[in-house]
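Data block below; observations after.
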Amino acid sequence: MSHFLSSTGTSDRQYVLGQELRVNILTSAAETDGRHDITDSVLATGSATPLHMHTKYEERLWVASGSLEVWAGTDAVTLRSGDFFAIPMHVPHMIKSGPDGARALNISSPAGFAELIARAGTPLHLATPETELDAELFMAVAQELGDVVLGPPGTTPADLERRDG
C-alpha cells in the first residue's frame, strides 16, 4: 500500500467556484483524521473573497505563482511566489489575486476549507465557461462550517472598522 496520494488529474477532487477559483483538494480531513487539509487553488486575475473569518480553523497560505493581496485584521500584505502567511481563527480577512492571478496552497487546521469547496463548488468535469458560483449554497455551507461573512468581495477589515466606528 502506498502512503503517497496522487490527486493530480483526479477529477473527483477538482472543483470550481464560478469563473474565479479552481481548486484541487490535495489532502482532506478524512485523510488526516481532521487535523488539516491542503488545497491547491488557482485564482483568476483580480478575484476577491468576501470579508470573512473562520471560527473553527486557521488558514495558511503559500503562494506558488502570481500574487495575493491579503488584508487580515490590521495587516495588509502582498504575497508573491514563495511567500507564506498565516491567518488565525476569528481574524476578519479578505484575499485578492494580483494582476497575473495567483496559484497558492491553502492549509487549514483543523480541516475545514476543503469540505467547503467539495460541498459548495462545482466539480471541474461539470464546469463550463458559464458556470457561476451558487452563492446561496456557498453561504449555507460556510455558515454550517463556522465561517462568518462580514462583507462583500473587496471589503477589507479597515472598511468594517470605518463602518462600525
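The values are calculated or read from the model by the stated rules, or taken from the named source; none is laboratory data. Since this is a predicted model, take the numbers as computed values, not measurements. Glycine also receives a Cβ, built like all others from the backbone with ideal geometry; neighbour counts cover every protein chain displayed. The area values use the complete protein model at the heavy-atom level, side chains included, leaving out ligands, DNA and RNA. Shrake-Rupley method; radii C 1.70, N 1.55, O 1.52, S 1.80 Å.
Residues of the stretch 86-114 being in contact with a Ser or Thr (Cβ under 9 Å, 6 or more places away or on another chain) and either free of Cβ contacts under 8 Å to residues at least 24 places away in the same chain or among the aliphatic types (A, V, I, L, M) (or both), which ones?
The answer is Met89, Met94, Ile95, Ala102, Ala104, Leu105, Ile107, Ala111, Ala114.
Residue by residue through the stretch 11-30, note down the ones that are part of a strand (DSSP E or B) and either free of Cβ contacts under 8 Å to residues at least 40 places away in the same chain or not aromatic (Phe, Trp, Tyr) (or both).
Those that are part of a strand (DSSP E or B) and either free of Cβ contacts under 8 Å to residues at least 40 places away in the same chain or not aromatic (Phe, Trp, Tyr) (or both): Gln14, Val16, Leu17, Leu21, Arg22, Val23, Asn24, Ile25, Leu26, Thr27.
Quick one: which of Ala111, Ala104 is open to solvent by less than 40 Å² (accessible area, probe 1.4 Å) and in a loop (DSSP other than H, G, I, E, B)? Break it down stepwise before answering.
Working: Ala104 fails: in a loop (DSSP other than H, G, I, E, B).
The unique qualifying residue is Ala111.
Please determine whether any residue of the stretch 122-136 is of a type in the set (A, V, I, L, M, F, W, C) and under 14 Å from Ser41 (Cα atoms).
Yes, because at least one residue in the stretch 122-136 is of a type in the set (A, V, I, L, M, F, W, C) and under 14 Å from Ser41 (Cα atoms).
Can you find, within the stretch 14-29, the residue that is most open to solvent (accessible area, probe 1.4 Å) among those that are within 13 Å of Gly112 (Cβ to Cβ) and among the aliphatic types (A, V, I, L, M)? Working first, answer last.
Step one: filter the stretch 14-29 for residues within 13 Å of Gly112 (Cβ to Cβ), giving 25, 27-29.
Now narrow it down to the ones that are among the aliphatic types (A, V, I, L, M): 25, 29.
Working: Ile25: 11, Ala29: 42 Å².
That would be Ala29.
Can you confirm whether the stretch 84-96 contains a residue that is at pLDDT below 95, assigned to a strand (DSSP E or B) and either within 16 Å of the chain's Cα centre (by Cα) or not aliphatic (A, V, I, L, M) (or both)?
No.
On the given criteria, is Asp83 more than 19 Å from Leu160 (Cβ to Cβ) and open to solvent by 30 Å² or more (accessible area, probe 1.4 Å)?
Criteria met by Asp83.
Given the conditions (1) assigned to a helix (DSSP H, G or I); (2) closer than 17 Å to Leu51 by Cα, report the number of the one that Thr155 does not fulfil.
Going through the list (1) assigned to a helix (DSSP H, G or I); (2) closer than 17 Å to Leu51 by Cα, Thr155 breaks only (1).
For the stretch 143-151, indicate whether the set of residues that are buried (at least 19 other Cβ atoms within 10 Å of the Cβ) and in a helix (DSSP H, G or I) is non-empty.
Checking the stretch 143-151: not a single residue is buried (at least 19 other Cβ atoms within 10 Å of the Cβ) and in a helix (DSSP H, G or I).
Kindly indicate whether any position in the stretch 121-136 is open to solvent by less than 30 Å² (accessible area, probe 1.4 Å) and within 12 Å of the chain's Cα centre (by Cα).
Scanning the stretch 121-136 turns up at least one residue that is open to solvent by less than 30 Å² (accessible area, probe 1.4 Å) and within 12 Å of the chain's Cα centre (by Cα).
State all residues of the stretch 32-51 that are of a type in the set (D, E, K, R) and either surrounded by 22 or more Cβ atoms within 10 Å (Cβ to Cβ) or in a strand (DSSP E or B) (or both); if no residue qualifies, say none. Break it down into steps so the answer makes sense when it comes.
Within the stretch 32-51, the first condition is being of a type in the set (D, E, K, R), and the residues that meet it are 33, 35, 37, 40.
Asp37, Asp40 - these are the residues of the stretch 32-51 that are of a type in the set (D, E, K, R) and either surrounded by 22 or more Cβ atoms within 10 Å (Cβ to Cβ) or in a strand (DSSP E or B) (or both).
Any residue in the stretch 125-137 that's in contact (Cβ under 8 Å) with a residue 24 or more places away in the chain: show its pairings with residues that are basic (Lys, Arg) at Cβ separation under 9 Å, as long as the two are six or more apart or on different chains.
Final answer for the pair search is Ala127/Arg22.
Is there a residue in the stretch 52-75 that is free of Cβ contacts under 8 Å to residues at least 12 places away in the same chain, loosely packed, with under 13 Cβ neighbours inside 10 Å and not basic (Lys, Arg)?
There is at least one residue in the stretch 52-75 that is free of Cβ contacts under 8 Å to residues at least 12 places away in the same chain, loosely packed, with under 13 Cβ neighbours inside 10 Å and not basic (Lys, Arg).
May I ask you to verify whether Ala127 is modelled with pLDDT of 95 or more and not basic (Lys, Arg)?
So Ala127 fails the test.
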